[in-house]
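Everything on this sheet refers to the single structure shown next.
Please treat every number below as a calculation from the coordinates, not as lab data. Computed from a predicted model, the values in this text were never measured in an experiment. Cβ sites come from the backbone with ideal geometry, for glycine too, and all protein chains shown count toward neighbours.
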Amino acid sequence: MKTILAIIGSASENSSNQKLVEFMASQDGNKLTFKMYTGLKSLPHFDPELSVANPPQEVVDLRTEIESADGVLICTPEYVFSIPSGLKNAIEWCVSTTVFSDKPCGLITASAQGEKGHEELLLLMKTLTARFTGETTLLIQGIKGKLNENGEVTDIETQTKLSSFLEALIEIVKSD
């Protein structure tokens, strides 16, 4: 079974993005194992002088988790027309490495609007040479209205898109 490292871009506990990933993990029919990365808040601010020669242990741990996963799923909201600063910080710590080079990725932006944040996420991951396709990217607008209080996706169109997204993610991870 393939392992997906899920990185939630939101700093909020019990965020819509976390609920969305938990929902997907419960729906995939045990074709993938989802491992949640929970260290965004503990990462120090990016310091290019430490990035290559002497990265902090939290950064080493993040890079190791990315390297050891069969694929990475990033699910994030948009904050002020951008990705959240904690997620950007984590990505910056990976720039001087090859941990994302040709790494199969699924990229979801789930927010009120999300267009600019989604564009930024795709650009950053393309710059890091992550491997993703149009089918392994998804913009979900109005996410709060598409989940119930239990974190279940209630919108039929969103359920269909998530199902297609998961199948594409499985395929890109298998092709590795």
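Rounded to the nearest 5, what is the percent of antiparallel bridges among the DSSP beta bridges in the chain? Could you put the intermediate results ahead of the total?
Working: 2 of 24 bridges.
The antiparallel proportion sits near 10 percent.
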(Q) For LYS19, give me every one of the aspartates and glutamates with a C-alpha distance below 13 angstrom, ignoring sequence neighbours fewer than eight places off in its own chain. (A) GLU149, GLU152
Q: Give the relative contact order (percent, whole number) for the range 1-120; include only Cα pairs under 8 Å separated by 6+ residues.
A: 34
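Using a/c under 1.5 as the rounded threshold, could you call the range 1-69 rounded, prolate or oblate? The axes a ≥ b ≥ c are square roots of the C-alpha gyration tensor eigenvalues, and prolate needs a/b larger than b/c, oblate otherwise. Walk me through the intermediate numbers first.
Values: a/c = 4.25, a/b = 1.69, b/c = 2.51.
Cα axes put the range 1-69 in the oblate bin.
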Q: Using Cα centres only, tell me the gap between the range 147-176 and the range 44-82 in whole Å.
A: 24
**Q.** Bins of 5 Å from zero: percent of alpha-carbon pairs in the range 1-121
**A.** 2, 11, 21, 24, 21, 14, 5, 1, 0
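With a cap of 10 neighbouring Cβ atoms within 10 Å, and only residues DSSP puts in a loop, list the GluC sites (Glu not before Pro) found in the range 130-175.
On the way: sites: GLU135, GLU149, GLU152, GLU157, GLU167, GLU171; in loops: GLU149, GLU152.
Qualifying residues, ordered by number: GLU149.
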Q) Considering only DSSP states other than H, G, I, E and B, which GluC sites (Glu not before Pro) in the range 1-106 qualify as loop sites with at most 11 other Cβ atoms within 10 Å? A) GLU13
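So, with +1 on the Cβ of K and R and -1 on the Cβ of D and E, and no other charges, what is the size of the charge dipole of the range 2-174 about its Cα centre, to the nearest 20 debye?
Details: 15 positive and 23 negative charges, 30 e Å.
Using only the charged Cβ atoms, the result is roughly 140 debye.
Can you compute the helix-only [θ] at 222 nm over the chain? Use -39500 (n - 2.57) per DSSP H run of at least 4 residues, normalise by all residues, nearest 500 deg cm²/dmol.
Working: 6 runs with 68 residues, N = 176.
-12000 deg cm²/dmol, from helical runs alone.
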Q) Mind checking which of VAL52, VAL153, VAL72 has the largest fluctuation in a GNM of the chain, springs on alpha carbons under 10 Å? A) VAL52
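Over all directions, what mean area does the Cα convex hull of the range 58-120 project, stated in square nanometres? Show your work: numbers first, answer last.
On the way: hull surface 17.0 nm².
Computing the convex hull of the Cα atoms and averaging its projections yields 4.2 nm².
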